[in-house]
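The values are calculated or read from the model by the stated rules, or taken from the named source; none is laboratory data. The shown structure was predicted, so the numbers you read here are calculated from the model rather than taken from an experiment. Note that we place each Cβ from the backbone using ideal geometry, even for glycine, and neighbour counts take in every protein chain shown. Quick note on the areas: whole protein, heavy atoms, side chains included, nothing else; ligands and nucleic acids left out. Shrake-Rupley method; radii C 1.70, N 1.55, O 1.52, S 1.80 Å.
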Amino acid sequence: MSLAFSPDLMARTAPLYDRVKSVIPSIEWPAFAEDIDAILALKRERDAVILAHNYQTPEIFHCVADIVGDSLALAREAMKVDAGTIVLAGVHFMAETAKLLNPAKRVLIPDLDAGCSLAASITAADVRLLRQRYPGVPVVTYVNTSAAVKAESDVCCTSGNARKIVESLGVPKVIMLPDEYLAQNIAAETGVEIVTWAGHCEVHERFTAQDIRQLRAGHPGIVVLAHPECPPEVVGESDFTGSTAAMIEYVDAKQPARVVLVTECSMSDNVAVQHPKVEFIRPCNLCPHMKQITLPKIRRTLETMQHEVTIDPSVAAPARRAVERMLEI
């Protein structure tokens, strides 16, 4: 008999399955149980914690992660970790950010190819050219960027605090990189003139205003929550716009009867686990980079202690300053 179906294993993991049984069919659980059981043991052996982004699948998010959240929450919580090793169940820029804030700790990512379309859309050289073109204009860089790009910036932001960061600068004009739609949406909220960059999230850019109208027509009474990386016309058709953390807070507080989260697909599964009475409509746009992270890869990372994230010290110091300025604000 396969270990995955052994009675002892199934008994040990039964409480975890109870958490996710509403979104993971029972027939699928044996495929996850062995890796989950091994990961939990390996974390203790390796003095490791797992940080998981809200876009991770439920078996990661609810069953092996120690800390979950959006990129801002993960950045904050990474600084409070006592363990010697951080495993980042997310994409590469998140692992770099964890390393920036914890230079003495080992930070591992299960797949080095877990990238980001936004991070790939801009380089440090691009930022230097923008500074030459707009001398004296502060550069606000989204955390969805490489450490090298952060190092060329004045301050970082996330989708959850972008407006606060921009307004805190007290200037009429800023450069905001690299998400064009986030920058446009923040400009509309603040009245600050924002120089944008033509970077887009390959998940959120696919949503359209027509999609929202069709959702409303097909699901009367639906509440539409949109991520600010969506195009402005999508934001305009929505009932609420906010980061993934803000979306969760909205569902927690309002308990809408029927809701759609206009963001990455796994987010709805993770929130639905905690809100069984809320009907989630799921337009499924997957992030191929987030889905590079799987239970077997997390297990292998803890077994081999690979792949470690390193950052050149000459880049790390200014990049860290930009992230720390964000956290101070």
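Among the residues of the stretch 69-81, is there at least one that is in contact with a Gly (Cβ under 8 Å, 6 or more places away or on another chain), in contact (Cβ under 8 Å) with a residue 40 or more places away in the chain and open to solvent by less than 10 Å² (accessible area, probe 1.4 Å)?
no
Filter the stretch 14-31 down to the residues that are part of a helix (DSSP H, G or I) and either without any contact (Cβ under 8 Å) to a residue 24 or more places away in the chain or open to solvent by less than 80 Å² (accessible area, probe 1.4 Å) (or both) and list them by number.
Ala14, Pro15, Leu16, Tyr17, Asp18, Val20, Trp29, Pro30, Ala31
Mind counting the residues in the stretch 274-306 that are touching a residue at least 60 places away in the same chain (Cβ under 8 Å) and either touching a Ser or Thr at 6+ places or on another chain (Cβ under 6 Å) or open to solvent by 70 Å² or more (accessible area, probe 1.4 Å) (or both)?
Total meeting the criteria: 5.
Within 17 Å of Val323 (Cα to Cα), modelled with pLDDT of 95 or more and not polar (S, T, N, Q): does that describe His62?
no
From the residues in the stretch 211-264 that are assigned to a helix (DSSP H, G or I) and of a type in the set (S, T, N, Q), which one is farthest from the chain's Cα centre (by Cα)?
If we take residues in the stretch 211-264 being assigned to a helix (DSSP H, G or I) and of a type in the set (S, T, N, Q), then Gln214 is farthest from the chain's Cα centre (by Cα).
Which one is most open to solvent (accessible area, probe 1.4 Å), of the residues in the stretch 100-141 that are in a helix (DSSP H, G or I), of a type in the set (A, V, I, L, M, F, W, C) and farther than 28 Å from Lys297 by Cα?
Restricting to residues being in a helix (DSSP H, G or I), of a type in the set (A, V, I, L, M, F, W, C) and farther than 28 Å from Lys297 by Cα, the top hit is Leu129.
Mind checking which residues of the stretch 169-203 are open to solvent by 60 Å² or more (accessible area, probe 1.4 Å) and part of a helix (DSSP H, G or I)?
Passing the criteria: Gln184, Ala188, Glu189.
Could you please find all residues in the stretch 230-240 being in contact with a Ser or Thr (Cβ under 9 Å, 6 or more places away or on another chain), within 21 Å of Cys287 (Cα to Cα) and open to solvent by 10 Å² or more (accessible area, probe 1.4 Å)?
Listed by number, the list holds a single entry, Val235.
So which residues in the stretch 274-329 are in a loop (DSSP other than H, G, I, E, B), among the hydrophobic types (A, V, I, L, M, F, W, C) and farther than 25 Å from Ser153 by Cα?
Hits for the stretch 274-329 are Val278, Cys284, Leu286, Cys287, Ile293, Met305.
Just to check your reading of the model, which residue among Arg282, Arg321 is at pLDDT below 95 and among the basic types (Lys, Arg)?
None of the other options fit; the residue is Arg282.
Here is a list of conditions, (1) more than 16 Å from His53 (Cα to Cα); (2) in contact with a Pro (Cβ under 8 Å, 6 or more places away or on another chain); (3) in a loop (DSSP other than H, G, I, E, B), and Asn144 meets all of them except one; can you say which number that is?
If we test Asn144 against (1) more than 16 Å from His53 (Cα to Cα); (2) in contact with a Pro (Cβ under 8 Å, 6 or more places away or on another chain); (3) in a loop (DSSP other than H, G, I, E, B), just (1) comes out false.
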